[in-house]
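Visitor: My questions will all concern the structure given below.
The values are calculated or read from the model by the stated rules, or taken from the named source; none is laboratory data. Here the structure is a predicted model, which means the values were calculated and not measured. Cβ placement follows ideal geometry from the backbone for every residue including glycine, while neighbour counts extend to all protein chains displayed. Areas reflect the complete protein model, heavy atoms only, side chains present, ligands, DNA and RNA absent. Shrake-Rupley method; radii C 1.70, N 1.55, O 1.52, S 1.80 Å.
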Amino acid sequence: MSSQVDGRDEERELRSFGYEQQLSRSMGVFSSLSISISCMCITAGIFTVYAYALSTAGPAFVWTWPIVAAGQILVALVLAELAGRLPLSGYAFQWTSRLASSHYGWFVGWAGLMAFIPGFTGLNLGLAPILSERLGLSLSKTSILVVVVLLTLSQFLINLAGVRIASRINNVAAFTAELAASIVLTLILLVVGLFINRENSLGFLTSSEGVPTGGFLSAFLLSGLLGIWVLTGFEGAADLAEETKMARRRVPRSVVVSLLISIVIGFLMIVGLTINISDLGATLAAPVPITHLLEDALGSTGALVFEWVAMIALFAGGLANMAAASRLMFSLSRDRMLPGSRQLAQVSPTTHTPTGSLVTVTAISLLLVTVGTYIATEAMTLIVGMASVGYYAVYALTIAAVIWAARNGRLAGQTTFDLGRAAVPVRWAALVWSIFVVGVLTVPDVNHKTALMAGGFFLLAAVWYAARLRGAIERGEAGVPVQRAAATAEPVAPPDPAAPVPEQA
(Lines give C-alpha, C1' and ligand atoms only; values in the text may rest on other atoms or scores of the structure.)
Protein backbone atom coordinates (compact mmCIF):
# COMPACT_ATOMS: atom_id res chain seq x y z
CA MET A 1 0.00 0.00 0.00
CA SER A 2 2.85 2.38 0.84
CA SER A 3 4.40 1.95 -2.62
CA GLN A 4 1.08 2.95 -4.19
CA VAL A 5 0.97 6.04 -2.00
CA ASP A 6 4.57 6.89 -2.94
CA GLY A 7 3.69 6.44 -6.61
CA ARG A 8 0.75 8.83 -6.34
CA ASP A 9 2.90 11.33 -4.46
CA GLU A 10 5.52 11.21 -7.20
CA GLU A 11 2.88 11.73 -9.87
CA ARG A 12 1.62 14.78 -7.97
CA GLU A 13 5.16 16.07 -7.62
CA LEU A 14 5.81 15.59 -11.34
CA ARG A 15 2.55 17.42 -12.07
CA SER A 16 3.78 20.32 -9.94
CA PHE A 17 6.72 20.65 -12.33
CA GLY A 18 4.25 20.87 -15.24
CA TYR A 19 4.27 17.29 -16.56
CA GLU A 20 2.07 14.21 -16.45
CA GLN A 21 3.57 10.79 -15.79
CA GLN A 22 4.18 9.31 -19.25
CA LEU A 23 7.21 7.09 -18.66
CA SER A 24 6.99 3.89 -16.62
CA ARG A 25 8.14 4.44 -13.03
CA SER A 26 9.38 0.88 -12.42
CA MET A 27 13.09 1.16 -11.57
CA GLY A 28 14.23 0.32 -8.04
CA VAL A 29 17.33 1.29 -6.11
CA PHE A 30 19.62 -1.33 -7.72
CA SER A 31 18.42 -0.48 -11.23
CA SER A 32 19.14 3.18 -10.62
CA LEU A 33 22.63 2.38 -9.36
CA SER A 34 23.27 -0.03 -12.24
CA ILE A 35 22.39 2.60 -14.85
CA SER A 36 25.09 4.95 -13.58
CA ILE A 37 27.65 2.16 -13.23
CA SER A 38 26.99 0.98 -16.79
CA CYS A 39 27.10 4.52 -18.19
CA MET A 40 30.65 4.83 -16.81
CA CYS A 41 31.64 1.38 -18.09
CA ILE A 42 34.84 1.22 -16.03
CA THR A 43 36.17 -2.21 -17.08
CA ALA A 44 35.56 -1.60 -20.76
CA GLY A 45 36.98 1.93 -20.59
CA ILE A 46 40.19 0.71 -18.99
CA PHE A 47 40.43 -2.16 -21.47
CA THR A 48 40.28 0.23 -24.43
CA VAL A 49 42.24 3.27 -23.12
CA TYR A 50 44.83 1.75 -20.77
CA ALA A 51 47.51 1.40 -23.47
CA TYR A 52 47.21 5.08 -24.42
CA ALA A 53 47.74 6.25 -20.84
CA LEU A 54 50.64 3.84 -20.28
CA SER A 55 52.39 4.94 -23.47
CA THR A 56 51.95 8.62 -22.62
CA ALA A 57 53.44 8.84 -19.11
CA GLY A 58 54.65 5.35 -18.24
CA PRO A 59 53.59 3.46 -15.09
CA ALA A 60 53.34 6.74 -13.14
CA PHE A 61 50.12 7.50 -15.01
CA VAL A 62 48.21 5.47 -12.38
CA TRP A 63 48.38 8.47 -10.02
CA THR A 64 46.32 10.59 -12.39
CA TRP A 65 43.35 8.36 -11.50
CA PRO A 66 42.95 9.57 -7.87
CA ILE A 67 43.45 13.17 -9.01
CA VAL A 68 40.65 12.87 -11.56
CA ALA A 69 38.57 10.95 -9.02
CA ALA A 70 38.81 13.78 -6.48
CA GLY A 71 37.60 16.31 -9.05
CA GLN A 72 34.76 14.08 -10.19
CA ILE A 73 33.59 13.50 -6.62
CA LEU A 74 33.15 17.27 -6.29
CA VAL A 75 31.08 17.32 -9.50
CA ALA A 76 29.00 14.34 -8.37
CA LEU A 77 28.17 16.04 -5.06
CA VAL A 78 26.81 19.09 -6.86
CA LEU A 79 24.79 17.01 -9.34
CA ALA A 80 23.44 14.79 -6.55
CA GLU A 81 22.16 17.87 -4.73
CA LEU A 82 20.30 18.92 -7.89
CA ALA A 83 18.94 15.40 -8.45
CA GLY A 84 17.43 15.55 -4.98
CA ARG A 85 15.89 18.92 -5.75
CA LEU A 86 14.61 18.37 -9.31
CA PRO A 87 14.06 14.64 -10.08
CA LEU A 88 13.26 15.08 -13.78
CA SER A 89 14.18 13.30 -17.01
CA GLY A 90 16.51 15.46 -19.02
CA TYR A 91 18.55 16.12 -15.87
CA ALA A 92 20.96 19.03 -16.62
CA PHE A 93 18.66 20.57 -19.25
CA GLN A 94 15.79 20.67 -16.75
CA TRP A 95 18.01 21.80 -13.88
CA THR A 96 19.66 24.69 -15.69
CA SER A 97 16.46 25.79 -17.42
CA ARG A 98 14.76 26.16 -14.04
CA LEU A 99 17.78 27.64 -12.26
CA ALA A 100 18.66 30.12 -15.00
CA SER A 101 16.45 30.08 -18.12
CA SER A 102 15.39 27.84 -20.99
CA HIS A 103 17.68 29.90 -23.22
CA TYR A 104 20.66 28.76 -21.15
CA GLY A 105 19.25 25.28 -20.64
CA TRP A 106 19.10 24.70 -24.38
CA PHE A 107 22.87 24.79 -24.75
CA VAL A 108 23.35 22.56 -21.70
CA GLY A 109 20.89 20.04 -23.13
CA TRP A 110 22.64 20.13 -26.49
CA ALA A 111 25.98 19.45 -24.80
CA GLY A 112 24.35 16.46 -23.10
CA LEU A 113 23.24 15.05 -26.44
CA MET A 114 26.78 15.62 -27.69
CA ALA A 115 28.01 13.46 -24.80
CA PHE A 116 25.52 10.58 -24.72
CA ILE A 117 24.97 9.87 -28.44
CA PRO A 118 28.66 9.75 -29.49
CA GLY A 119 29.27 8.03 -26.15
CA PHE A 120 27.22 4.90 -26.84
CA THR A 121 28.28 5.01 -30.49
CA GLY A 122 31.92 4.82 -29.41
CA LEU A 123 31.24 1.97 -26.99
CA ASN A 124 29.68 -0.12 -29.75
CA LEU A 125 32.51 0.75 -32.12
CA GLY A 126 34.98 -0.39 -29.46
CA LEU A 127 33.10 -3.64 -28.88
CA ALA A 128 32.68 -4.61 -32.54
CA PRO A 129 36.30 -5.54 -33.46
CA ILE A 130 36.87 -7.41 -30.18
CA LEU A 131 33.67 -9.41 -30.62
CA SER A 132 34.38 -10.00 -34.32
CA GLU A 133 37.84 -11.36 -33.57
CA ARG A 134 36.52 -13.73 -30.90
CA LEU A 135 33.78 -14.96 -33.26
CA GLY A 136 36.32 -15.58 -36.01
CA LEU A 137 34.92 -12.89 -38.32
CA SER A 138 37.00 -10.80 -40.67
CA LEU A 139 38.09 -7.36 -39.49
CA SER A 140 37.25 -5.43 -42.66
CA LYS A 141 35.53 -2.05 -42.49
CA THR A 142 32.28 -3.47 -43.77
CA SER A 143 32.18 -6.46 -41.41
CA ILE A 144 32.88 -4.26 -38.38
CA LEU A 145 30.18 -1.84 -39.52
CA VAL A 146 27.71 -4.74 -39.79
CA VAL A 147 28.53 -5.85 -36.24
CA VAL A 148 28.12 -2.29 -34.93
CA VAL A 149 24.74 -2.03 -36.67
CA LEU A 150 23.59 -5.34 -35.16
CA LEU A 151 24.77 -4.32 -31.68
CA THR A 152 23.05 -0.94 -31.93
CA LEU A 153 19.79 -2.43 -33.20
CA SER A 154 19.76 -5.04 -30.45
CA GLN A 155 20.19 -2.31 -27.83
CA PHE A 156 17.45 -0.33 -29.53
CA LEU A 157 15.04 -3.28 -29.40
CA ILE A 158 15.80 -3.92 -25.73
CA ASN A 159 15.21 -0.27 -24.85
CA LEU A 160 12.10 -0.21 -27.01
CA ALA A 161 10.64 -3.14 -25.06
CA GLY A 162 10.50 -0.97 -21.96
CA VAL A 163 12.66 0.29 -19.13
CA ARG A 164 11.71 -2.65 -16.89
CA ILE A 165 13.22 -5.18 -19.32
CA ALA A 166 16.19 -2.98 -20.18
CA SER A 167 16.97 -2.31 -16.52
CA ARG A 168 16.82 -6.02 -15.65
CA ILE A 169 19.27 -6.88 -18.41
CA ASN A 170 21.46 -3.99 -17.36
CA ASN A 171 21.29 -5.08 -13.71
CA VAL A 172 22.66 -8.52 -14.58
CA ALA A 173 25.37 -7.08 -16.82
CA ALA A 174 26.38 -4.42 -14.30
CA PHE A 175 26.54 -6.92 -11.45
CA THR A 176 28.37 -9.68 -13.33
CA ALA A 177 30.76 -7.56 -15.40
CA GLU A 178 31.29 -4.30 -13.52
CA LEU A 179 31.07 -5.60 -9.97
CA ALA A 180 31.52 -9.32 -9.33
CA ALA A 181 33.80 -10.32 -12.21
CA SER A 182 35.83 -7.11 -12.15
CA ILE A 183 36.45 -7.38 -8.41
CA VAL A 184 37.53 -11.02 -8.70
CA LEU A 185 39.84 -10.37 -11.65
CA THR A 186 41.32 -7.30 -9.99
CA LEU A 187 42.09 -9.22 -6.79
CA ILE A 188 43.70 -11.99 -8.84
CA LEU A 189 45.86 -9.45 -10.67
CA LEU A 190 46.97 -7.88 -7.39
CA VAL A 191 47.79 -11.24 -5.78
CA VAL A 192 49.68 -12.47 -8.86
CA GLY A 193 51.60 -9.24 -9.27
CA LEU A 194 52.48 -8.64 -5.63
CA PHE A 195 52.98 -12.15 -4.24
CA ILE A 196 53.44 -14.70 -7.07
CA ASN A 197 55.18 -13.23 -10.11
CA ARG A 198 56.59 -10.25 -8.19
CA GLU A 199 57.72 -8.65 -11.42
CA ASN A 200 57.82 -5.16 -9.92
CA SER A 201 57.84 -3.41 -6.58
CA LEU A 202 55.33 -0.71 -5.75
CA GLY A 203 58.06 1.78 -6.61
CA PHE A 204 57.54 0.81 -10.27
CA LEU A 205 54.28 2.78 -10.11
CA THR A 206 56.29 6.03 -9.89
CA SER A 207 58.39 5.26 -12.97
CA SER A 208 58.12 7.34 -16.13
CA GLU A 209 60.06 4.77 -18.13
CA GLY A 210 59.03 4.62 -21.76
CA VAL A 211 57.71 8.19 -21.90
CA PRO A 212 58.41 9.86 -25.27
CA THR A 213 60.85 12.76 -25.24
CA GLY A 214 59.29 15.97 -24.00
CA GLY A 215 58.05 17.42 -20.76
CA PHE A 216 56.80 14.94 -18.19
CA LEU A 217 54.13 17.34 -16.88
CA SER A 218 52.33 17.57 -20.21
CA ALA A 219 52.65 13.80 -20.68
CA PHE A 220 51.27 13.24 -17.17
CA LEU A 221 48.28 15.51 -17.87
CA LEU A 222 47.52 13.74 -21.14
CA SER A 223 47.75 10.35 -19.45
CA GLY A 224 45.01 11.55 -17.11
CA LEU A 225 42.64 11.27 -20.06
CA LEU A 226 42.06 7.65 -18.99
CA GLY A 227 40.31 8.81 -15.84
CA ILE A 228 38.81 11.84 -17.59
CA TRP A 229 37.27 9.67 -20.32
CA VAL A 230 36.14 6.83 -18.04
CA LEU A 231 34.83 8.59 -14.90
CA THR A 232 31.89 10.21 -16.67
CA GLY A 233 28.27 9.18 -16.98
CA PHE A 234 27.60 8.71 -13.25
CA GLU A 235 24.72 11.16 -13.68
CA GLY A 236 22.93 8.65 -15.93
CA ALA A 237 20.59 7.71 -13.07
CA ALA A 238 19.42 11.32 -12.87
CA ASP A 239 18.40 11.25 -16.54
CA LEU A 240 16.02 8.37 -15.79
CA ALA A 241 14.59 9.96 -12.64
CA GLU A 242 10.99 9.90 -13.90
CA GLU A 243 11.28 6.11 -14.25
CA THR A 244 12.71 5.57 -10.77
CA LYS A 245 10.63 4.90 -7.67
CA MET A 246 11.32 7.32 -4.81
CA ALA A 247 13.64 9.20 -7.16
CA ARG A 248 14.28 12.10 -4.80
CA ARG A 249 15.98 9.79 -2.30
CA ARG A 250 17.44 7.12 -4.56
CA VAL A 251 18.87 8.99 -7.54
CA PRO A 252 21.26 11.30 -5.61
CA ARG A 253 22.74 8.31 -3.81
CA SER A 254 23.04 6.37 -7.06
CA VAL A 255 25.01 9.24 -8.60
CA VAL A 256 27.53 9.39 -5.74
CA VAL A 257 27.75 5.69 -4.81
CA SER A 258 28.20 4.52 -8.42
CA LEU A 259 31.12 6.92 -8.82
CA LEU A 260 32.76 5.83 -5.56
CA ILE A 261 32.44 2.14 -6.44
CA SER A 262 33.88 2.73 -9.90
CA ILE A 263 36.76 4.82 -8.54
CA VAL A 264 37.87 2.08 -6.15
CA ILE A 265 37.50 -0.79 -8.63
CA GLY A 266 39.12 1.20 -11.42
CA PHE A 267 42.15 2.28 -9.39
CA LEU A 268 42.85 -1.21 -8.06
CA MET A 269 42.45 -2.58 -11.57
CA ILE A 270 44.98 -0.24 -13.21
CA VAL A 271 47.41 -0.82 -10.32
CA GLY A 272 46.95 -4.60 -10.70
CA LEU A 273 47.54 -4.38 -14.44
CA THR A 274 50.60 -2.14 -14.17
CA ILE A 275 52.31 -4.08 -11.39
CA ASN A 276 52.19 -7.18 -13.61
CA ILE A 277 54.16 -5.66 -16.51
CA SER A 278 57.20 -7.86 -17.04
CA ASP A 279 58.70 -5.94 -19.97
CA LEU A 280 57.42 -2.40 -20.52
CA GLY A 281 58.93 -2.10 -23.99
CA ALA A 282 57.45 -5.38 -25.19
CA THR A 283 54.08 -4.49 -23.71
CA LEU A 284 53.95 -1.11 -25.46
CA ALA A 285 55.13 -2.66 -28.72
CA ALA A 286 52.44 -5.36 -28.70
CA PRO A 287 49.51 -4.98 -31.14
CA VAL A 288 47.09 -4.96 -28.18
CA PRO A 289 49.18 -4.06 -25.11
CA ILE A 290 46.57 -4.92 -22.48
CA THR A 291 45.95 -8.37 -24.00
CA HIS A 292 49.71 -9.01 -24.08
CA LEU A 293 49.96 -7.95 -20.45
CA LEU A 294 47.02 -10.13 -19.34
CA GLU A 295 48.26 -13.20 -21.20
CA ASP A 296 51.67 -12.74 -19.61
CA ALA A 297 50.19 -12.42 -16.09
CA LEU A 298 47.13 -14.69 -16.17
CA GLY A 299 47.67 -16.91 -19.20
CA SER A 300 45.46 -17.07 -22.27
CA THR A 301 42.44 -18.28 -20.28
CA GLY A 302 42.65 -15.43 -17.78
CA ALA A 303 43.06 -12.89 -20.58
CA LEU A 304 40.05 -14.36 -22.38
CA VAL A 305 37.88 -14.08 -19.25
CA PHE A 306 38.91 -10.44 -18.77
CA GLU A 307 38.13 -9.75 -22.41
CA TRP A 308 34.62 -11.23 -22.13
CA VAL A 309 33.99 -9.20 -18.99
CA ALA A 310 35.00 -6.08 -20.92
CA MET A 311 32.69 -7.02 -23.81
CA ILE A 312 29.71 -7.52 -21.49
CA ALA A 313 30.47 -4.17 -19.88
CA LEU A 314 30.73 -2.47 -23.28
CA PHE A 315 27.34 -3.80 -24.35
CA ALA A 316 25.73 -2.79 -21.05
CA GLY A 317 27.33 0.64 -21.32
CA GLY A 318 25.94 1.11 -24.81
CA LEU A 319 22.49 0.01 -23.63
CA ALA A 320 22.51 2.43 -20.67
CA ASN A 321 23.90 5.38 -22.61
CA MET A 322 21.32 4.88 -25.37
CA ALA A 323 18.57 4.97 -22.73
CA ALA A 324 20.01 8.15 -21.21
CA ALA A 325 20.37 9.84 -24.62
CA SER A 326 16.77 9.06 -25.55
CA ARG A 327 15.43 10.44 -22.24
CA LEU A 328 17.36 13.67 -22.68
CA MET A 329 16.05 14.05 -26.23
CA PHE A 330 12.52 13.24 -25.00
CA SER A 331 12.79 15.91 -22.30
CA LEU A 332 13.98 18.53 -24.79
CA SER A 333 11.19 17.61 -27.22
CA ARG A 334 8.53 17.58 -24.51
CA ASP A 335 9.40 21.23 -23.95
CA ARG A 336 9.41 21.88 -27.72
CA MET A 337 13.11 22.71 -27.95
CA LEU A 338 14.06 20.58 -30.97
CA PRO A 339 13.02 20.47 -34.63
CA GLY A 340 10.35 17.81 -35.07
CA SER A 341 9.41 17.90 -31.39
CA ARG A 342 5.99 16.37 -32.08
CA GLN A 343 7.51 13.13 -33.33
CA LEU A 344 10.44 13.09 -30.89
CA ALA A 345 8.14 13.45 -27.86
CA GLN A 346 6.02 10.41 -28.74
CA VAL A 347 5.71 7.80 -25.98
CA SER A 348 4.47 4.26 -26.55
CA PRO A 349 1.10 3.72 -24.80
CA THR A 350 2.02 0.08 -24.10
CA THR A 351 5.71 0.09 -23.12
CA HIS A 352 5.81 3.74 -21.94
CA THR A 353 9.12 4.30 -23.70
CA PRO A 354 9.98 7.44 -25.71
CA THR A 355 9.84 5.73 -29.10
CA GLY A 356 10.36 8.84 -31.18
CA SER A 357 13.56 9.77 -29.37
CA LEU A 358 14.82 6.18 -29.28
CA VAL A 359 14.44 5.84 -33.04
CA THR A 360 16.20 9.16 -33.59
CA VAL A 361 19.24 8.60 -31.35
CA THR A 362 19.66 5.15 -32.91
CA ALA A 363 19.51 6.60 -36.43
CA ILE A 364 22.03 9.34 -35.57
CA SER A 365 24.39 6.76 -34.08
CA LEU A 366 24.23 4.57 -37.18
CA LEU A 367 24.81 7.63 -39.37
CA LEU A 368 27.90 8.58 -37.35
CA VAL A 369 29.34 5.08 -37.66
CA THR A 370 28.66 4.92 -41.41
CA VAL A 371 30.27 8.32 -42.01
CA GLY A 372 33.24 7.37 -39.84
CA THR A 373 33.68 4.06 -41.66
CA TYR A 374 33.43 5.08 -45.30
CA ILE A 375 33.64 8.85 -45.64
CA ALA A 376 35.93 10.27 -42.96
CA THR A 377 37.75 7.63 -40.92
CA GLU A 378 39.26 10.29 -38.64
CA ALA A 379 35.81 11.74 -37.97
CA MET A 380 34.84 8.76 -35.83
CA THR A 381 37.80 9.27 -33.50
CA LEU A 382 37.02 12.97 -33.26
CA ILE A 383 33.32 12.38 -32.58
CA VAL A 384 34.03 9.84 -29.83
CA GLY A 385 36.60 12.21 -28.28
CA MET A 386 34.04 14.98 -28.51
CA ALA A 387 31.77 13.01 -26.15
CA SER A 388 34.18 13.83 -23.31
CA VAL A 389 34.03 17.52 -24.16
CA GLY A 390 30.24 17.24 -24.05
CA TYR A 391 30.23 15.66 -20.59
CA TYR A 392 32.52 18.23 -19.03
CA ALA A 393 30.77 21.11 -20.78
CA VAL A 394 27.55 19.90 -19.15
CA TYR A 395 29.27 19.74 -15.77
CA ALA A 396 30.77 23.24 -16.04
CA LEU A 397 27.60 24.89 -17.38
CA THR A 398 25.40 23.16 -14.78
CA ILE A 399 27.63 24.07 -11.84
CA ALA A 400 27.88 27.67 -13.06
CA ALA A 401 24.06 27.82 -13.13
CA VAL A 402 23.88 26.49 -9.55
CA ILE A 403 26.34 29.12 -8.30
CA TRP A 404 24.42 31.89 -10.09
CA ALA A 405 21.05 30.65 -8.83
CA ALA A 406 22.29 30.39 -5.23
CA ARG A 407 23.62 33.94 -5.31
CA ASN A 408 20.32 35.23 -6.70
CA GLY A 409 18.01 33.30 -4.39
CA ARG A 410 16.73 30.95 -7.10
CA LEU A 411 17.56 27.65 -5.40
CA ALA A 412 14.00 27.17 -4.22
CA GLY A 413 12.72 24.00 -2.61
CA GLN A 414 14.35 21.30 -0.52
CA THR A 415 16.86 18.67 -1.56
CA THR A 416 17.29 15.19 -0.10
CA PHE A 417 21.06 15.53 -0.57
CA ASP A 418 22.05 18.71 1.24
CA LEU A 419 25.70 19.75 1.23
CA GLY A 420 25.07 22.28 3.99
CA ARG A 421 27.89 24.75 4.66
CA ALA A 422 30.17 22.84 2.31
CA ALA A 423 27.93 23.66 -0.68
CA VAL A 424 29.64 26.91 -1.73
CA PRO A 425 33.29 25.73 -1.65
CA VAL A 426 32.33 22.40 -3.24
CA ARG A 427 30.50 24.15 -6.09
CA TRP A 428 33.37 26.54 -6.81
CA ALA A 429 35.99 23.79 -6.65
CA ALA A 430 33.88 21.61 -8.96
CA LEU A 431 33.52 24.49 -11.42
CA VAL A 432 37.26 25.17 -11.50
CA TRP A 433 37.93 21.45 -12.00
CA SER A 434 35.42 21.12 -14.85
CA ILE A 435 36.80 24.16 -16.67
CA PHE A 436 40.33 22.80 -16.23
CA VAL A 437 39.35 19.47 -17.80
CA VAL A 438 37.64 21.20 -20.73
CA GLY A 439 40.96 22.96 -21.25
CA VAL A 440 42.90 19.66 -21.14
CA LEU A 441 40.48 18.22 -23.71
CA THR A 442 40.72 21.15 -26.12
CA VAL A 443 43.87 23.30 -25.64
CA PRO A 444 46.75 20.83 -26.37
CA ASP A 445 47.70 20.64 -30.04
CA VAL A 446 46.70 16.98 -30.30
CA ASN A 447 43.14 17.91 -29.25
CA HIS A 448 42.57 20.91 -31.53
CA LYS A 449 40.58 18.89 -34.08
CA THR A 450 38.33 17.56 -31.33
CA ALA A 451 37.81 21.11 -30.10
CA LEU A 452 36.88 22.24 -33.61
CA MET A 453 34.41 19.37 -33.98
CA ALA A 454 32.79 20.23 -30.64
CA GLY A 455 32.71 23.89 -31.65
CA GLY A 456 30.96 22.92 -34.87
CA PHE A 457 28.24 21.08 -32.95
CA PHE A 458 27.71 24.08 -30.67
CA LEU A 459 27.53 26.28 -33.77
CA LEU A 460 24.62 24.16 -35.02
CA ALA A 461 22.91 24.71 -31.67
CA ALA A 462 23.51 28.45 -31.94
CA VAL A 463 22.09 28.60 -35.49
CA TRP A 464 18.88 26.78 -34.48
CA TYR A 465 18.60 28.95 -31.38
CA ALA A 466 19.02 32.21 -33.29
CA ALA A 467 16.78 31.20 -36.19
CA ARG A 468 13.80 29.71 -34.34
CA LEU A 469 14.21 28.73 -30.72
CA ARG A 470 14.97 32.08 -29.10
CA GLY A 471 11.77 33.64 -30.38
CA ALA A 472 9.73 30.55 -29.48
CA ILE A 473 10.99 30.65 -25.89
CA GLU A 474 10.29 34.38 -25.56
CA ARG A 475 6.75 33.88 -26.90
CA GLY A 476 6.12 31.04 -24.44
CA GLU A 477 5.92 28.44 -27.22
CA ALA A 478 8.95 26.51 -25.97
CA GLY A 479 10.87 26.03 -22.76
CA VAL A 480 10.10 24.51 -19.37
CA PRO A 481 6.45 25.02 -18.28
CA VAL A 482 7.08 27.56 -15.54
CA GLN A 483 8.88 29.84 -17.98
CA ARG A 484 6.26 29.36 -20.69
CA ALA A 485 3.74 30.53 -18.10
CA ALA A 486 5.83 33.60 -17.32
CA ALA A 487 6.17 34.44 -21.01
CA THR A 488 2.43 34.24 -21.68
CA ALA A 489 1.30 35.57 -18.27
CA GLU A 490 -1.05 32.59 -18.08
CA PRO A 491 -0.80 29.35 -16.09
CA VAL A 492 0.41 26.43 -18.18
CA ALA A 493 -1.48 23.19 -17.57
CA PRO A 494 0.43 19.91 -17.57
CA PRO A 495 0.73 18.72 -21.18
CA ASP A 496 -1.74 16.14 -22.42
CA PRO A 497 0.30 13.12 -23.59
CA ALA A 498 -2.17 12.60 -26.44
CA ALA A 499 -2.03 16.17 -27.66
CA PRO A 500 0.26 17.04 -30.58
CA VAL A 501 3.36 19.07 -29.81
CA PRO A 502 3.60 22.28 -31.89
CA GLU A 503 6.14 21.77 -34.63
CA GLN A 504 7.71 25.22 -34.59
CA ALA A 505 10.12 24.62 -31.75
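Visitor: Could you list the trypsin sites (Lys or Arg not before Pro) in region 326-423 that lie in coil according to DSSP, counting only those with at most 14 other Cβ atoms within 10 Å of their Cβ?
Guide: Listed in order of number, the matching sites are R410.
Visitor: Report P(r) for the chain: all Cα-Cα distances, bin width 10 Å, range 0 to the bin holding the largest distance, values in whole percent.
Guide: Here the calculated profile for the chain is 4, 20, 31, 27, 13, 5, 1, 0.
Visitor: Are there any chymotrypsin sites (Phe, Trp or Tyr not before Pro) in region 87-191 that are in a DSSP loop and have at most 16 other Cβ atoms within 10 Å? List them by number. Each step should come with its number before you reach the end.
Guide: Working: sites: Y91, F93, W95, Y104, W106, F107, W110, F116, F120, F156, F175; in loops: none.
In loop regions of region 87-191 (DSSP not H, G, I, E or B), there are no sparsely surrounded chymotrypsin sites (Phe, Trp or Tyr not before Pro).
Visitor: OK, next. Whole percent per 5 Å bin, from 0 to the bin with the longest distance: what is P(r) over all C-alpha pairs of region 16-88?
Guide: So the P(r) values, bin by bin, are 3, 10, 13, 20, 16, 12, 9, 7, 5, 3, 1.
Visitor: In addition: Can you send over the solvent-accessible area of L137, 1.4 Å probe, protein chains only, in Å² to the nearest 10?
Guide: 90 Å²
Visitor: Something else about it: Distance from the Cα centre of region 7-23 to that of region 56-82, in angstrom?
Guide: Cα centroid of region 7-23 versus Cα centroid of region 56-82: 35 Å apart.
Visitor: Then there is this: Keeping every protein chain present and rolling a 1.4 Å probe, give me the accessible area per residue for the chain in Å². Mind showing how you got there, number by number?
Guide: Numbers: 19370 Å² over 505 residues.
I get 38 Å² per residue for the chain.
Visitor: Express the carbon and sulfur contribution to the solvent-accessible surface of the chain as a percent, rounded to the nearest whole number, probe 1.4 angstrom.
Guide: So the carbon and sulfur contribution to the accessible surface is 67 percent.
Visitor: Also, quick follow-up: Which value results for Rg/Rh of region 401-470 when Rg is the Cα radius of gyration and Rh the Kirkwood radius based on the inverse mean 1/r? Please report the intermediate quantities before stating the final value.
Guide: Values: Rg = 17.0 Å, Rh = 15.2 Å.
That ratio equals 1.12.
Visitor: Just to be sure I follow: if Rg is taken over the C-alpha atoms of region 147-199 and Rh is the Kirkwood radius over the same atoms, what is Rg/Rh? Display every interim value, and only then the final one.
Guide: Values: Rg = 17.2 Å, Rh = 13.4 Å.
With Rg and the Kirkwood Rh in hand, the quotient comes to 1.28.
Visitor: Show K245, K141 ordered by accessible area, largest first, where the area counts protein heavy atoms only and the probe is 1.4 Å.
Guide: On the way: K245 90, K141 120 Å².
Of K245, K141, the descending order of accessible area is K141, K245.
Visitor: Moving to a separate point now. Counting only other residues whose beta carbon sits under 11 Å from that of V29, what net charge do I get with K and R as +1, D and E as -1? Before the final figure, lay out each step's value.
Guide: Working: positive: K245, R249, R250, R253; negative: none.
That works out to +4.
Visitor: Continuing with this model, one more query. Given a 1.4 Å probe and heavy atoms of the protein chains only, how would you sort L187, L86, largest accessible area at the top?
Guide: On the way: L187 95, L86 20 Å².
The residues order as L187, L86, largest area first.
Visitor: Keeping all protein chains in the complex and leaving out DNA, RNA and ligands, what accessible area do you get for T291 with a 1.4 Å probe, in Å² to the nearest 10?
Guide: Around 30 Å² of this residue is reachable by solvent.
Visitor: Which listed residue (A412, I158, W65) has the Cα farthest towards the positive end of the charge dipole for the chain, taking +1 on Lys and Arg C-beta and -1 on Asp and Glu C-beta about the Cα centre?
Guide: A412
Visitor: May I ask for the net charge around G109, where only other residues with Cβ less than 15 Å from the Cβ of G109 are counted and Lys, Arg are +1 while Asp, Glu are -1? Write out the running numbers ahead of the final one.
Guide: Values: positive: R98, R327, R334, R336, R470; negative: E235, D239, D335.
Net charge in that neighbourhood comes out at +2.
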